1. Looking only at the range 219-267, filter to residues that are acidic (Asp, Glu) and part of a loop (DSSP other than H, G, I, E, B); which one of those is nearest to LEU39 (Cα to Cα)?
2. So, of the residues in the range 155-195 that are modelled with pLDDT of 95 or more, part of a loop (DSSP other than H, G, I, E, B) and within 17 Å of the chain's Cα centre (by Cα), which turns out to be surrounded by the fewest Cβ atoms within 10 Å (Cβ to Cβ)?
3. Given the options GLU233, GLU256, name the one that is at pLDDT 95 or above and either buried (at least 17 other Cβ atoms within 10 Å of the Cβ) or basic (Lys, Arg) (or both).
4. With the structure loaded, tell me whether THR88 is within 30 Å of PRO155 (Cα to Cα) and at pLDDT 95 or above or whether it fails that test.
5. Which of the residues that make up the range 51-72 are surrounded by fewer than 20 Cβ atoms within 10 Å (Cβ to Cβ) and within 30 Å of ASP112 (Cα to Cα)?
6. Only one of (1) touching a residue at least 24 places away in the same chain (Cβ under 8 Å); (2) over 23 Å from ASP52 (Cβ atoms); (3) out of contact with any Gly (no Cβ under 7 Å at 6 or more places or on another chain); (4) of a type outside the set (A, V, I, L, M, F, W, C) is not met by PRO177, so which one is it?
7. Please tell me if THR2 is touching a residue at least 24 places away in the same chain (Cβ under 8 Å), closer than 26 Å to ASP253 by Cβ and assigned to a loop (DSSP other than H, G, I, E, B).
8. Tell me the residue from HIS20, HIS24, HIS9 that is under 19 Å from GLN226 (Cβ atoms) and modelled with pLDDT of 95 or more, please.
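The values are calculated or read from the model by the stated rules, or taken from the named source; none is laboratory data. Computed from a predicted structure; not experimentally measured. Using ideal geometry, Cβ is built from the backbone for each residue, glycine included, and neighbour counts are taken over all protein chains shown.
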Amino acid sequence: MTDPVIVKHGSSPVILGFPHTGTHVPPEIEARLNENGRLLADTDWHVDRLYDGLLADATTVKATFHRYVIDANRDPSGASLYPGQNTTGLVPETDFDGKPIWNEGEEPTEADIAERIEAFHSPYHAALAAEIERVRREHGIAILYDCHSIRSHIPFLFEGKLPDFNIGTNLGVTSAPEFEAAAQSVVAHAPGYDHAVNGRFKGGWTTRHYGKPETGVHAIQMELAQSTHLTTEAPPFAYDEAKAEKLRSHLQDILERIERLSFSARM
């Protein structure tokens, strides 16, 4: 059985979360996906590769399971992150275009969802919470930087083109302002890119659940438009080396600035 989470322990105050890069779907669940669902189109394609090596001492916590199994960045209660807006749930019924992903009559039941919380969602968050606490004990501060990507055009979810960089701190609640400002400063001066702060993406459940600056835990979500690092935002969702290298320089700048600030903040 594939472990639901892979952890790499680091010595930095920065923790990188990867809830949506996993593509593992257990066979008994895959059999219930329809042809559209089996494309796994809503994966955060190559985001772990994009960040690989940018901050050598960062801790990484990576879900191996696909978000169609269960979404590690959704409230386990099933509450919506964006009430009144189109979104996908804890166990999605549709893809990001609003199209069904399950065979008719084989959609996940409440019992299925409960089993998947226990088998996948809970182990991922147990590991993430343990690393946050370990890092906070060691440094007096922990910075969770949650790594995401999404197609730049998804009419079902948002109008027009998504900005290249989307920083989310739930309107400043999940992070001290200096960490948000550090990330924004980099993207605002990145030539050829656009950005938004707390726009369509204000931070998912992970960011909102863990980001409590008063306790020394800060959380920022970075949602990247996939046009910034993929050859095409359609199958086979190939990684574009040239685009990615250009983007990686800005991402590294963000992480290094956040790390420097975290060392200053703990003194």
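1. So in the range 219-267, the residues acidic (Asp, Glu) come out as 223, 233, 240-241, 245, 253, 256, 259.
Subsequent filtering for residues that are part of a loop (DSSP other than H, G, I, E, B) retains 233, 240.
On the way: GLU233: 13, ASP240: 20 Å.
Once the filter is applied, the top-ranked residue is GLU233.
2. Per the criteria, the residue is ASN170.
3. Values: GLU256 fails: either buried (at least 17 other Cβ atoms within 10 Å of the Cβ) or basic (Lys, Arg) (or both).
Result of the check over GLU233, GLU256: GLU233.
4. Numbers: within 30 Å of PRO155 (Cα to Cα): yes; at pLDDT 95 or above: no.
In short, no.
5. Taking the range 51-72 as the starting set, the residues that turn out to be surrounded by fewer than 20 Cβ atoms within 10 Å (Cβ to Cβ) are 52-54, 56-57, 64.
Answer for the range 51-72, where residues must be surrounded by fewer than 20 Cβ atoms within 10 Å (Cβ to Cβ) and within 30 Å of ASP112 (Cα to Cα): just THR64.
6. It is condition (1) that PRO177 fails.
7. Numbers: touching a residue at least 24 places away in the same chain (Cβ under 8 Å): yes; closer than 26 Å to ASP253 by Cβ: no; assigned to a loop (DSSP other than H, G, I, E, B): yes.
No.
8. Numbers: HIS24 fails: under 19 Å from GLN226 (Cβ atoms); HIS9 fails: under 19 Å from GLN226 (Cβ atoms).
From the options HIS20, HIS24, HIS9, the qualifying one is HIS20.
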